[in-house]
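In what follows, a single structure is set out as structure tokens and then discussed.
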Amino acid sequence: MKSEREQQLIEQAYAEIEKYQDLVNRDWYRLRYHLMPPVGLMNDPNGLIDWNGTYHVFYQWMPFCTSHGAKFWGHYTSPDLVHWQAAPIALAPSEWYDKNGCYSGSAVDHEGKLVLFYTGNVKDEQGNRQTYQCLAASEDGFHFTKKGVVITLPDGYTAHFRDPKVWRKDDQWYMIVGAQSESGDGKAVLFRSTDLFHWEHLGPIAGGNSNWLGPFGYMWECPDVFPLDGQDVLIVCPQGLKPDGMRYQNVYQSGYFVGRLDYERNEFLHGPFEELDRGFEFYAPQTMLDRHGRRILIGWMGVPDQDEDRQPTVRHRWVHALTLPRELRLVDGKLRQTPVRELKQLRKQKVAYRNVAMVNELRSWPGIEGDAIELRLDNIELFGSMLEIHLRHAARLVYNGDEGVLTLERKSFVNGLTEKRQCRLPRLRSLHLFLDTSSLELFVNDGEETFTARFFPHPDDRTILFGTHGHLHMDIEKWEL
Ligand code: FRU
């Protein structure tokens, strides 16, 4: 059951969808096969769960404008991670403990109920922040009843304390929360419970200025911990890292540590921080374990405070989207991300060229073009210094074989100038690219690296050009999606 206030807010949000539906749908930058908000601003994916045969994805949602504020939880479901349906709005910021936002969180199954954990964000008249970790539950997976606050702020932290991710291990529940210590370090803080309502504060398992890590940002958002291929992985989004060569180029970062979570000693012993994605728009990912035992990740195709109000879709009253679902594996101590195999269902007409040879030229290949396509380049052999791919005259991929550097360039939507993101890549074997009207997701060498970004070509421009310096051999496959 929802309170009257929550009902009211939900009705206002539906009215907003209706009011702007035409304007939103007229935007040629609407995506065709990604999750987007029906109106307003979408940010973090929340509450990812494969529950009773249905995949659930909730998301941070501001229905009333295209900037941040008192967030709702929007909701989509899917039988197969490919075909999605809008579900009823799950949570609205209606109560004293969440009135300024039902912030990010997660979902678990408990005794047949779908249970959500989220952060109640509260601001008083002076603008001071308060934070509460809250619980809401549903019998059917669609209608949620708030049960109130289960954790208040422990000593030693500022009110930047949020984004609970809950999981079960043996016969206990654990929760990891993103935090800022009073000394100004980002931390990931662990709690334990037997009943989901009473939580014991165990303390930070990792953070800046602990576990041999020096200063590492002033806040860690959206932590996630899970076992994978014999090790444990901690994903976090640190805020406050300075750009460092090719690394940390976005306003805030998203990455992971590989190691072992010692539940007895409450420590996560880990190796170095690795960025999850090298593109312009990627943040606040969350993972779930699915029916096939796969660890699946979905991220937000956006970054907070990164020229969000300049995104071209804002004039159509919506902004941002979620990434495709990606399967995670751990290979040689590094995360590998590949698009889930179910996405092959999207494939329509195919055009393919086997063992193509190119020498010092820039050209197109008949049929290799489009605005919503999947493109695979396999068995790449470059006997030369450079391979480039122009995407609809609005983005360009460049592999410099001499330097071993892969670059994504795009035309900035802020000032029209070329901007870039890069990573080191000693060898290029394959490129797997999903273009969707105004987004691109690139999987390099079967997911060793990924680049995620929005880009805004002219809608009629479907051109894809391939260029080389020196000799190049490869196989090309392309599907309309
Ligand atoms: C990350 C984040 C979370 C917070 C949510 C609010 O993008 O800032 O830390 O819970 O967004 O929408």
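The values are calculated or read from the model by the stated rules, or taken from the named source; none is laboratory data. Predicted model, so just to flag it, every value in this text is computed and none were measured. Here the Cβ positions follow ideal geometry from the backbone for every residue, glycine too, while neighbour counts run over all protein chains shown.
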Filter result for Ala136 (more than 30 Å from Gly53 (Cα to Cα), touching a strand residue (DSSP E or B) at 6+ places or on another chain (Cβ under 8 Å) and assigned to a strand (DSSP E or B))
no
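Conditions tested, residue by residue: (1) part of a loop (DSSP other than H, G, I, E, B); (2) within 12 Å of the ligand (Cβ to nearest atom); (3) within 22 Å of Phe456 (Cα to Cα).
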site: Ala284; (1), (2), (3): no, yes, no
site: Leu297; (1), (2), (3): no, no, no
site: Gly302; (1), (2), (3): yes, yes, yes
site: Asp309; (1), (2), (3): no, no, yes
Mind checking which residues of region 122-137 are over 25 Å from the mean Cα position of the chain (by Cα) and within 20 Å of Ile89 (Cα to Cα)?
none
Test for Glu11: is it crowded, with 17+ Cβ neighbours inside 10 Å, farther than 18 Å from Thr287 by Cβ and among the acidic types (Asp, Glu):
no
If you take the residues of region 235-251 that are in contact (Cβ under 8 Å) with a residue 40 or more places away in the chain and away from the ligand (no atom under 16 Å from the Cβ), which of them is farthest from Ser106 (Cα to Cα)?
Met246
Positions within region 265-298 being free of Cβ contacts under 8 Å to residues at least 24 places away in the same chain and either among the hydrophobic types (A, V, I, L, M, F, W, C) or more than 30 Å from Trp51 (Cα to Cα) (or both), in sequence order:
Arg265, Pro272
Go through region 211-245 and give me each residue that's part of a strand (DSSP E or B), more than 19 Å from the chain's Cα centre (by Cα) and under 12 Å from Phe257 (Cβ atoms).
Leu213, Gln231, Asp232
From the list Val57, Val108, which residue is more than 18 Å from Thr323 (Cα to Cα) and away from the ligand (no atom under 14 Å from the Cβ)?
Val108
Could you look through region 25-54, keep only residues that are in contact with a strand residue (DSSP E or B) (Cβ under 6 Å, 6 or more places away or on another chain) and of a type in the set (S, T, N, Q), and pick out the one that is nearest to the ligand (Cβ to nearest atom)?
Asn43
Just checking, which of Ile368, Ile380, Ile373 is modelled with pLDDT of 95 or more and within 16 Å of Thr452 (Cα to Cα)?
Ile373
In region 314-345, what count of residues is obtained for those that are among the small types (Gly, Ala, Ser) and either within 25 Å of Leu481 (Cβ to Cβ) or part of a helix (DSSP H, G or I) (or both)?
1
Looking at this structure, is Leu269 part of a strand (DSSP E or B), surrounded by fewer than 21 Cβ atoms within 10 Å (Cβ to Cβ) and in contact with a strand residue (DSSP E or B) (Cβ under 9 Å, 6 or more places away or on another chain)?
yes
I'd like to know if region 339-355 contains one or more residues that are of a type in the set (Lys, Arg), buried (at least 19 other Cβ atoms within 10 Å of the Cβ) and within 28 Å of Asn445 (Cα to Cα).
no
Total residues in region 60-71, condition near the ligand (Cβ under 9 Å from one of its atoms) and not in a strand (DSSP E or B):
3
When region 290-326 is examined, which residues are found to be among the basic types (Lys, Arg) and in contact with a helix residue (DSSP H, G or I) (Cβ under 9 Å, 6 or more places away or on another chain)?
Arg315, Arg317
Looking at region 74-92, is at least one residue within 29 Å of Asp109 (Cβ to Cβ), within 16 Å of the ligand (Cβ to nearest atom) and under 16 Å from the mean Cα position of the chain (by Cα)?
yes
Scanning region 120-148 for residues that are within 16 Å of the ligand (Cβ to nearest atom) and either over 23 Å from Ala86 (Cα atoms) or exposed (fewer than 14 other Cβ atoms within 10 Å of the Cβ) (or both) gives Gly120, Asn121, Val122, Lys123, Arg129, Gln130, Thr131, Tyr132, Gln133, Cys134
